[in-house]
Amino acid sequence: MAGKVLVVDDDASVQRLLQQTLRQEGYEVVIATEGTEAFRLWQQEAPSLILLDAVLQGTDGHDVAIRIRAAEAAGSHVPIIMLTADRDVQQKVRALRAGADDYLVKPFHPAELLARMKSLIARFAPGDTLVGRPPMGRIHAYYGAKGGVGTTTIAINTAIALRSLERRVCVVDGNLQFGDHRVFMDLPLDRKSIVDAVTAPSIDPDLLRSIVQTHESGVDLLLAPPSPEAADHVTAAHMHQVLASLATMYDYVIVDIDKRLDDLNLMVLDIAETIFAVMTADLSCLKNVRLLLETIGHLGYQSGKLKLVLNRSNAYTGVSIKSAEGALRRPIEHQIVNEYRGAISALNTGAPFMTGKADSVLGRSVMDFAKALDREQGHTVAQLQPGTAR
Ligand SMILES: Nc1ncnc2c1ncn2[C@@H]1O[C@H](COP(=O)(O)OP(=O)(O)OP(=O)(O)O)[C@@H](O)[C@H]1O
Ligand SMILES: [Mg+2]
């Protein structure tokens, strides 16, 4: 079963419609028609999510949300989606202030409701191993040695693989002008982006929590601006603040950047604990990796900070892995197999292969990579005691 949903609405036709839609998707549905009953059923039934009408007879939906949030035990959080007929932004703000996690204006499409529900349920699922321990706070930079080598494909799918290993993960689209995570994850242009963070008076975890988009896999996304010109708002100093703040909230903060060695990208490489340089076995890519290795050398980073990830490792390029390693005079630490159909169809449908096709050859290859890098960090988790600072 997909979970239990408490529907709080006094309109019988809305109740019927929601009940039908949710049951078809495998949810168990519990119905309350007014606030006191809603509060009682929340305590009694422990639903995975609440759909709460903003306007109820007797009590106001906002009061119900406020009451539930006040009564919740520390560390527990039932996701609440407020339903309303009002498009007014003030109403939205009021719903979020009352403690709702999301907001939908009636009439809405069932597919939108279900997508938002899934992402909230994944985000607040109990049993999350983060509860009771501080976040690992690892910042990983995924650097594309050349355009189109598969950096975004690997960054996003590794994030989903790490999430399935019970890690809390946020992916930051650091390709500020032409970021394409919205395409990879099928998200519209109206979703909040890093611009909403850097134009706020101060950048802190509460603000970032309200800006990241939770994918149905449970991975949070900090999207790139919706248009290239908006990227000018984001400076290297902003990005530094954003990443430092996200590191206090997540186990892994994965930043997807391109090959430019400008101020912003250098800052990301600097703050990152590990840099995964994604490459393919061709001469122009090898040339760029050599330049990157030189730059890294000048910056005085520890040798283990950079790891090479050879993507499409078994594709024929005329350059073998051995000769690539010879040319670079260092080993290539990780390899991801070539599976063009799986990768491109995932991109074009907006459904990353790690969500639906984790069992494919490509999915297994990314999972092996995620497990290997998580193992390297694993000892740190064991050392962390609940409540201790990093
Ligand atoms: N392991 C793989 N096997 C086959 N094709 C792949 C693989 N990884 C990525 N691709 C394909 O390579 C293309 C480029 O992928 P992607 O957008 O992830 O690269 P990128 O390095 O982020 O590009 P950009 O420079 O545009 O940011 C896509 O068509 C993708 O489907
Ligand atoms: Mg990319």
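The values are calculated or read from the model by the stated rules, or taken from the named source; none is laboratory data. Everything numeric in this text was worked out from a predicted model, so none of it was measured. Cβ atoms come from the backbone with ideal geometry, glycine included; neighbour counts cover every protein chain shown.
One table, with the values for the structure above:
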| item | result |
| --- | --- |
| SER217 being touching a residue at least 40 places away in the same chain (Cβ under 8 Å) and among the hydroxyl-bearing types (Ser, Thr, Tyr) | yes |
| Residues of the stretch 242-261 that turn out to be touching a residue at least 24 places away in the same chain (Cβ under 8 Å) and outside any helix (DSSP H, G or I), as a count | 13 |
| Restricting the stretch 258-280 to residues that are modelled with pLDDT of 95 or more and within 13 Å of ligand 1 (Cβ to nearest atom), the residue that is nearest to LEU176 (Cα to Cα) | ASN265 |
| The listed residue being touching an Asp or Glu at 6+ places or on another chain (Cβ under 7 Å) and either in the same structural domain as THR151 (by TED's automatic domain parsing) or hydroxyl-bearing (Ser, Thr, Tyr) (or both), out of LEU362, LEU310, LEU293 | LEU362 |
| Per-region count, the stretch 270-293, residues under 20 Å from VAL366 (Cα atoms) and free of Cβ contacts under 8 Å to residues at least 60 places away in the same chain | 1 |
| Neighbours by Cβ (under 9 Å, 6+ apart or cross-chain): first from the stretch 62-86, more than 18 Å from GLU34 (Cα to Cα) and in the same structural domain as TRP42 (by TED's automatic domain parsing); second among the β-branched types (Val, Ile, Thr) and assigned to a loop (DSSP other than H, G, I, E, B) | GLU72/VAL78; GLY75/VAL131; SER76/VAL131; ASP86/VAL55 |
| Residues being in contact with a Lys or Arg (Cβ under 7 Å, 6 or more places away or on another chain) and more than 23 Å from ASN338 (Cα to Cα) - total across the stretch 133-164 | 3 |
| Residue among THR214, THR235 that alone is away from ligand 1 (no atom under 16 Å from the Cβ) and in contact with a Ser or Thr (Cβ under 8 Å, 6 or more places away or on another chain) | THR214 |
| For GLU229: the one exception among (1) in contact (Cβ under 8 Å) with a residue 24 or more places away in the chain; (2) more than 20 Å from LEU347 (Cβ to Cβ) | (1) |
| Subset tally (residues that are surrounded by fewer than 18 Cβ atoms within 10 Å (Cβ to Cβ) and part of a loop (DSSP other than H, G, I, E, B)) for the stretch 341-356 | 2 |
| Enumerated helices (runs of 4 or more DSSP H) restricted to the stretch 1-111, each holding at least 3 residues that are closer than 23 Å to GLN213 by Cβ | 89-98 |
| Hits in the stretch 30-56 (condition: farther than 16 Å from ALA95 by Cα, among the aliphatic types (A, V, I, L, M) and touching a helix residue (DSSP H, G or I) at 6+ places or on another chain (Cβ under 6 Å)) | VAL30, ILE31, ALA32, ALA38 |
| Residue count for the stretch 262-293, restricted to those that are under 30 Å from ARG167 (Cα atoms) and in a loop (DSSP other than H, G, I, E, B) | 3 |
| Residue check for ALA85: of a type in the set (A, V, I, L, M, F, W, C) and touching a Leu at 6+ places or on another chain (Cβ under 9 Å) | no |
| Matching entry among ARG123, ARG69, ARG116 (being in contact with a Pro (Cβ under 9 Å, 6 or more places away or on another chain), surrounded by 14 or more Cβ atoms within 10 Å (Cβ to Cβ) and on the phi < 0 side of the Ramachandran plot) | ARG123 |
| Odd one out for ALA111, checked against (1) exposed (fewer than 11 other Cβ atoms within 10 Å of the Cβ); (2) touching a Gly at 6+ places or on another chain (Cβ under 9 Å) | (2) |
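Conditions (1) away from ligand 2 (no atom under 14 Å from the Cβ); (2) part of a helix (DSSP H, G or I), marked per residue:
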position: PRO135; (1), (2): yes, no
position: ALA155; (1), (2): no, yes
position: THR158; (1), (2): no, yes
position: ARG182; (1), (2): no, yes
position: ASP196; (1), (2): yes, yes
position: LEU208; (1), (2): yes, yes
position: GLU216; (1), (2): yes, no
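Table: residues versus (1) among the small types (Gly, Ala, Ser); (2) modelled with pLDDT of 90 or more.
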residue	(1), (2)
TYR103	no, yes
PRO107	no, no
GLY127	yes, no
GLY137	yes, yes
THR151	no, yes
ALA159	yes, yes
GLU166	no, no
VAL172	no, yes
VAL183	no, yes
